[in-house]
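All remarks here apply to the structure that follows.
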Amino acid sequence: FVDAPRRPGQRLVAQGNCPRLGTAMRGLTLVLGVAAAANPVSKVVDLLREMKAKVAADGKEEEKVYNKYACWCEKTTERKVNSIDLGKTNIESLSNKILETKGKLETLDNEISKLQSDIKEVLAAQKEAQQLREKENAAFQAEKGEMEEAVGALEKAIRLLSGAGTGKGDLMAVFASVVRVMPSARLSEKDTKTMESLMQNPTQLAQYSPQSATVQGILKDMYDTFAVNMENNMMDESSKQKLFEQFMDDKNEELGENRRVLTKKQGEHADATRTLSMSIEAREDAMEQLASDQKFFQDADKSCTDKANEWTERSRLRDEELDGINKAIEILDSEDARKLFTNAVATFVQVDSDTLAPVRAKALAVLTKKAKTTRSTALTSVITALKAGGHFDKIIESIDTMIQALNDEETQDRKDNDECIEKETKTTNKKEDYVYKVKKDEEKIEELNDKKDQLEEDITTITDKISDHKDVMEQNRVDRGEAHDDYMKSITDDEAAVELLEKAIKTLKEFYKNNKSLLQRAEPKPDDRLSKKDTQKQANDGIVAILTQIKENVENEIKEAQADDRAEQDAYEKQTADDRVTLEAMKTRKSDLQKEKAQVEEDITDKEEDKTNHETARDDKQAYLDVLEPGCAWIRTNFAKRAKLRAEEIEGLMEVKNYLAGMPTPTFLQRK
């Protein structure tokens with residue numbers, strides 16, 4: 001048969017350990033049967049030895065291929081078992097993580113809904129409080145305007161009455177203003193009667209100094225009443241404003257806390273959603289990889305088991321074949337056999353050989369030409385049989401068997417070639433898929449690392465802003481403390497001044513009260529109207545009015561300072577509240593950035609693990625391609641060559657068969 005290269009791991013069929021060798025053995029059997037009478041024993045022994053050497057060489061070559069394949073089987077199946085166990089553990093872990101994340105998302109949905117509801121309630125409470133405060137403040141401002149008008153009228157009336165007898169027109173106008181506010185003064189019955197009497201004839205205010213002094217006292221009491229009421233109203237308004245501001249601050253703090261927690265929960269919800277999506281995707285990839293690993297393991301295990309069984313059968317057949325060859329050599333090449341063949345006197349002579357000689361010669365010529373081209377041992381066996389002589393039917397039967405073996409070999413080669421193409425194509429495509437996945441993993445890891453760097457930069461920036469904001473808040477606190485200290489010192493000085501003025505006024509009033517009888521007189525004489533005592537009283541009344549005005553101015557300054565300090569304190573507290581909200585927002589932002597960074601780092605770890613798994617799968621596919629390469633490369637290289645030589649071999653055998661098939665059966669005679 002064709003003496004072409006044999007691919008590693010080629011399947012063995014027919015007899016012996018290869019089809020060609022089995023056919024050659026049948027050719028050898030034919031030669032032995034035909035050529036025994038001619039005693040070509042030495043040539044047969046040489047042929048047997050060549051066959052033995054070839055069988056042994058093929059066995060060693062196949063053993064190398066099988067050992068390499070067995071090593072691959074052992075390592076690959078062990079690696080796949082570990083990969084399958086790891087995949088199952090990973091899938092179980094991811095499934096638990098998915099369930100846990102879904103539960104967390106459900107909890108976060110409830111918490112977020114509750115926080116949103118709480119925020120709406122706080123905003124509604126603030127709106128309601130704001131509306132109530134605006135109504136109260138509007139009422140206060142209206143009442144304050146009336147009181148300020150009353151106090152202004154009383155102050156003007158007191159100043160005019162201190163100069164009674166002059167400015168009647170102004171006095172009448174002022175007194176009309178006083179009458180309008182008198183119902184709110186809550187006067188005593190006596191004072192009310194006095195004022196009602198004056199209301200009937202206001203001009204008498206300017207005619208009698210004693211009565212003017214009485215009215216001044218009433219007006220001063222009214223003034224004090226309105227001043228106290230104004231101060232009480234202002235204090236009540238200030239208290240309500242403080243309570244409102246405290247309520248709003250509390251609600252703002254509650255609102256800020258709810259919003260901070262809401263932002264945090266929404267961030268956690270987004271992280272959990274992303275984690276769930278990535279976990280589901282990772283589990284799908286892991287399940288796909290597990291299915292691939294399990295199928296690969298099953299295929300590899302079956303292939304390795306089949307190959308081991310095949311190798312065991314090959315080894316057995318090869319050993320039996322070698323044993324048969326050795327026994328044949330031992331029989332034919334023994335000392336007794338050689339003497340027997342040398343001393344034999346009986347020979348077989350073919351009668352009527354002349355009639356078959358041309359056919360035999362032509363067949364030998366065809367076979368010899370084909371044998372040189374194909375280097376086929378099968379054709380050589382037929383040539384030897386023809387040269388030795390013999391019955392053509394046995395040769396034709398042997399040729400038919402050889403042709404069938406060659407056709408079976410053709411079928412097997414095509415099957416093996418198609419199988420190689422299918423396995424290499426499928427494995428190469430799968431390997432390219434993993435190469436693509438590894439590339440995408442690397443791109444994603446690079447993207448995540450860039451995002452991590454940006455987050456670290458953002459964290460550094462927000463940390464610096466938080467530090468600067470704290471410095472500004474501390475400076476505002478120091479500035480406010482200094483301003484309040486200055487205010488307290490000013491208030492202390494002003495209150496001390498008011499106290500001194502009150503003492504001076506009280507002293508002057510007590511003096512004139514104790515000496516009131518001296519100042520009163522009967523019908524004055526014309527020259528007594530400028531007496532020293534009366535002049536002194538008028539002067540002192542002016543001083544009391546001046547001191548009273550000064551005291552009132554100082555008291556007004558105190559009120560203005562109190563209002564200014566309150567406004568500054570309110571502005572500071574509002575600014576501080578805003579600063580705290582801003583600070584909390586920055587802290588929340590920093591916390592979110594840190595969590596996002598931690599998540600990115602976790603994503604990097606997961607993606608690096610995916611990359612490792614994909615690289616392992618890619619390398620497994622490459623390892624399988626490496627195992628396929630020797631056999632498939634041999635098929636690619638020799639498939640066409642083997643087909644060509646096989647066709648030529650079949651052509652030669654068919655041509656010889658056609659010659660031999662039409663010849664008559666020769667007659668054999670035994671001669672002594």
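Only residues that are farther than 30 Å from L406 by Cα and free of Cβ contacts under 8 Å to residues at least 24 places away in the same chain were counted across the stretch 605-657, and they come to 4. Of all residues in the stretch 276-334 being of a type in the set (V, I, T) and exposed (fewer than 15 other Cβ atoms within 10 Å of the Cβ), which is farthest from the chain's Cα centre (by Cα)? This residue is I331. Taking the criterion of being within 17 Å of Q569 (Cβ to Cβ) and open to solvent by less than 90 Å² (accessible area, probe 1.4 Å), the residues of the stretch 447-494 that qualify are M473, N476, V478, D479, R480, G481, A483, H484, Y487, M488, S490, I491.
Here K88 clears all of (1) basic (K, R); (2) within 29 Å of the chain's Cα centre (by Cα); (3) within 30 Å of S238 (Cβ to Cβ) except the condition numbered (3).
So that you can scan it fast, the table gives a plain yes or no per residue for (1) among the hydroxyl-bearing types (S, T, Y); (2) under 31 Å from the mean Cα position of the chain (by Cα):
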residue	(1), (2)
T411	yes, no
C420	no, no
K423	no, no
T427	yes, no
E447	no, yes
D450	no, yes
E457	no, yes
R477	no, no
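Here's the yes/no breakdown for (1) part of a helix (DSSP H, G or I); (2) free of Cβ contacts under 8 Å to residues at least 12 places away in the same chain; (3) over 44 Å from the mean Cα position of the chain (by Cα); (4) surrounded by fewer than 15 Cβ atoms within 10 Å (Cβ to Cβ):
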site: D118; (1), (2), (3), (4): yes, no, no, no
site: L123; (1), (2), (3), (4): yes, no, no, yes
site: K127; (1), (2), (3), (4): yes, yes, no, yes
site: A138; (1), (2), (3), (4): yes, yes, yes, yes
site: Q141; (1), (2), (3), (4): yes, yes, yes, yes
site: M147; (1), (2), (3), (4): yes, no, yes, no
site: V151; (1), (2), (3), (4): yes, no, yes, no
site: K156; (1), (2), (3), (4): yes, no, yes, no
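If you go through the stretch 550-570 one residue at a time, do you hit one that is open to solvent by 60 Å² or more (accessible area, probe 1.4 Å), in contact with a Leu (Cβ under 7 Å, 6 or more places away or on another chain) and not aromatic (F, W, Y)? Yes, the stretch 550-570 has at least one match. The single residue among K439, K430, K423 that is open to solvent by 60 Å² or more (accessible area, probe 1.4 Å), at pLDDT below 90 and closer than 30 Å to Q622 by Cβ turns out to be K423. Looking across the stretch 28-71, the residues that are open to solvent by less than 30 Å² (accessible area, probe 1.4 Å), modelled with pLDDT of 70 or more and of a type outside the set (V, I, T) come down to L48, M51, D58, G59, E62. When the criteria are applied in full, L593 meets the requirement of being in a helix (DSSP H, G or I) and in contact with an Asp or Glu (Cβ under 9 Å, 6 or more places away or on another chain). Of all residue pairs spaced 6 or more apart or on separate chains, those with beta-carbon atoms under 6 Å, a first member in the stretch 398-421 that is within 25 Å of D299 (Cα to Cα) and a second member that is hydrophobic (A, V, I, L, M, F, W, C) and open to solvent by 40 Å² or more (accessible area, probe 1.4 Å) are N417/F639.
Among the residues of the stretch 602-618, those identified as open to solvent by 70 Å² or more (accessible area, probe 1.4 Å) and not polar (S, T, N, Q) are E602, E608, E609.
The values are calculated or read from the model by the stated rules, or taken from the named source; none is laboratory data. Just so we're clear, the structure is a prediction, and the values are computed from it rather than from any experiment. All Cβ positions, glycine included, derive from the backbone under ideal geometry; neighbour counts span all protein chains shown. Protein only, heavy atoms only, side chains kept; ligands, DNA and RNA dropped before computing areas. Shrake-Rupley method; radii C 1.70, N 1.55, O 1.52, S 1.80 Å.
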